[in-house]
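These notes concern the structure reproduced below.
The values are calculated or read from the model by the stated rules, or taken from the named source; none is laboratory data. Since the model is a prediction, treat every value here as computed from it, not as a measurement. Glycine also receives a Cβ, built like all others from the backbone with ideal geometry; neighbour counts cover every protein chain displayed.
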Amino acid sequence: MGGPAQYLHVGFILISLANLIVIALLIVIFILAVTLRRPEKHRISTIETVAEAVEKLSADTAGTEVQP
Amino acid sequence: MNMTTAIRERVRTWMPLEDLLPDQLPAFVRSPAYFFGVITLSSLVLLILSGILLAAVGPQWWHNSPFGHFVNSLHFWCAEVFFFSLTLHLWTEFFKGGWRHGRRFTWLIGAITFIAGIGTAFTGYLSQTNFDAQWIAVQGKDALNAVGIGAFFNLMNFGQMYGFHILILPLIVVLLVGLHLLQVRIRGIVRPYAPTAKEERAREKLWRGARRRKAKETTATGAGEQRPLPSDQARYYRGLRMMPYDLVREGLIALLAVFVLSIVLAVFLSSADEPPLTLQQYAQQNPVGFVTTAMGGLSGTGAVAQYGPPYNQGTGSVQSIGPVSLQDAAGVTIPIDVAQVYVLQPLAIAAQTDPQLAAALQTFTQASEQQQTAWMNAYTDALSKATVSNGHVVVPQGDYGPLPIMMDHLLTLGTSGALDGLLLRSGDFYQNDFTKPLLFLSEDALPTKAEQLNMLGSQWGMMNSTGNYPGQAWLWLYTFWYQIPPFNTSSNADVLVWLTMAVLTLLLVVFPYLPFLNRLPYYLGVHRLIWREYYRDVRAEVAAGATSAAAESG
């Protein structure tokens, strides 16, 4: 790592290999982060069922809410 | 009014522990897109801990001791992880529209933290006391001087930069991160975008400013205390399935993961620590270059002599936009009489024990200005044909007056290392301002070495590091402008780039407040990928509702 730096020169872009790896990793991990999910044994819903929502709504009379 | 009671009730109302440390979160947070905030926070904790250790023992330790260098490497890699995860946090929050439903201030604080973090890292690079620090200081000074900031924030003043790096900026970052976290916990995690733009607008209208509206309602109706926040989040999350969540456990796991990763990187990859360049090395390795630089200072033709504010009244490096020059407006705050500082004063000290030099110096100073100029011009021209013999600069025969003797003694001061000390003198005992020696080296020695290392401005230098280490990659956009027209051909490039970056930075900070533009993430659609299970469940519920309705009506 302490030796002569490796650079990539394309047109007006002159970038060190180390910085290029960092930027490439950023993009790769971003893509993975938005596409992957945490492993789970049983897939659970992200929303309550309509019945549950109605039940909860009746228990809470305060305010209004826009349903998702 | 009892102020203590008022504050206690306000804290109890607005910051209940159930919100600050919830044990349930909406089920849609299962995406890794929610990890980056806690990773950033973990790396900040480790940055502070390793930084405290480095500050406690001092610069010589991290250069000369293997363990000190290891801690320095750990600090370096923690900084890389910090910016890496901070960038991903910024990206993911952008695509999630994290500022919606009353969270604009949370984004604003986060964006300012990002900028303060860049400043902290930048002053960290300046505090390394190695070649990177030298080069970044002399290259960065032009940009700061061009906008007048350099008059008060001197990148070559190690004492000032070190103070900013280890106290002022970290304190600001920690306070901002604390405020950001508090905002996140009080308001909760933003809901996914509604399935349609119309629904999303309705939801935004309902929740933006809901806090103020509710407060007014409760006050007007005398309904008691302001709305307690747990019910806020309960209402806000209504319709969403909650799942058990252990924030503290997640934080500890992230802390351990970042710690292990940074240790692995520090052990196997270490960190850059190219030794700083000294005047002694410069004089020994390039005597002609050293004397040429000194002559530029003596004759007033060198770049530093003609620089302008904040060092002198020159105009050589003064930048402006139209008639406005912030550099001129800031004035000369770090006055440097180049001929005196670099040549005449050091020689006057050496002349106290050297009669030959004293006589030469007297001859020069007592000569007419016209005679001095003639000698200096002739000697400077002769330096282009100079050779080096036994460590002395030899020029062709000519009428140079006492200059050959003077410059030979100055070169001796340089090669002996005495000039390194003499340029740090300021009349005080303690020295931590390296402006004078760095400016001298900035004329030739540092750029020559930096060019070999691809660190010039035209080589995206500000984001590069010595060796094969990643540098300040987060400065890519700043360095980008210097590579393209009109910036790369303008004599006012620094001030133009600063202006451009100031506008872009302001846009980043206030993005949530920009009408129409702040809806951009919705139309980009990346959120549909992040929350795809949520939208799938909503569609399934709608379909189930429609089927049920059809069955009932049938």
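The table below lists the values:
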{"item": "Matching entry among B:80, B:9, B:18 (being surrounded by 17 or more Cβ atoms within 10 Å (Cβ to Cβ), acidic (Asp, Glu) and touching a residue at least 12 places away in the same chain (Cβ under 8 Å))", "result": "B:80"}
{"item": "Per-region count, the stretch B:481-513, residues touching a Phe, Trp or Tyr at 6+ places or on another chain (Cβ under 8 Å), over 14 Å from residue B:114 (Cβ atoms) and surrounded by fewer than 17 Cβ atoms within 10 Å (Cβ to Cβ)", "result": "5"}
{"item": "Test set (1) within 30 Å of residue A:7 (Cα to Cα); (2) surrounded by fewer than 17 Cβ atoms within 10 Å (Cβ to Cβ) - residue B:453 fails condition number", "result": "(2)"}
{"item": "Qualifying residue in the stretch B:518-537 (condition: more than 10 Å from chain A (Cβ to nearest Cβ), touching a residue at least 24 places away in the same chain (Cβ under 8 Å) and under 22 Å from the mean Cα position of the chain (by Cα))", "result": "no"}
{"item": "Condition met for residue B:477 (under 16 Å from residue A:22 (Cβ atoms), more than 10 Å from chain A (Cβ to nearest Cβ) and surrounded by fewer than 17 Cβ atoms within 10 Å (Cβ to Cβ))", "result": "yes"}
{"item": "Those helices (runs of 4 or more DSSP H) lying entirely in the stretch B:322-405 with at least 1 residues over 20 Å from residue B:422 (Cβ atoms)", "result": "B:326-330, B:355-366, B:369-383"}
{"item": "Selection count where residues are of a type in the set (Gly, Ala, Ser), outside any helix (DSSP H, G or I) and modelled with pLDDT of 95 or more, scope the stretch B:272-301", "result": "1"}
{"item": "Looking only at the stretch B:21-34, and only at residues there that are part of a helix (DSSP H, G or I) and more than 34 Å from the chain's Cα centre (by Cα), the one that is surrounded by the most Cβ atoms within 10 Å (Cβ to Cβ)", "result": "B:28"}
{"item": "The stretch B:145-204 - residue that is aliphatic (A, V, I, L, M) and assigned to a loop (DSSP other than H, G, I, E, B) and, of those, nearest to residue B:242 (Cα to Cα)", "result": "B:189"}
{"item": "Lone unmet requirement of (1) in a helix (DSSP H, G or I); (2) closer than 25 Å to residue B:160 by Cβ; (3) free of Cβ contacts under 8 Å to residues at least 24 places away in the same chain for residue B:314", "result": "(1)"}
{"item": "Matching residues, the stretch B:328-344, being small (Gly, Ala, Ser) and loosely packed, with under 15 Cβ neighbours inside 10 Å", "result": "B:329, B:331"}
{"item": "Criterion (over 30 Å from residue B:93 (Cβ atoms) and more than 19 Å from the chain's Cα centre (by Cα)) met by exactly one of B:68, B:37", "result": "B:68"}
{"item": "Identity of the residue in the stretch A:1-20, closer than 19 Å to residue B:460 by Cα and surrounded by 14 or more Cβ atoms within 10 Å (Cβ to Cβ), that ends up modelled with the lowest pLDDT", "result": "A:5"}
{"item": "Which numbered condition residue B:286 misses (of (1) more than 14 Å from chain A (Cβ to nearest Cβ); (2) within 32 Å of the chain's Cα centre (by Cα))", "result": "(2)"}
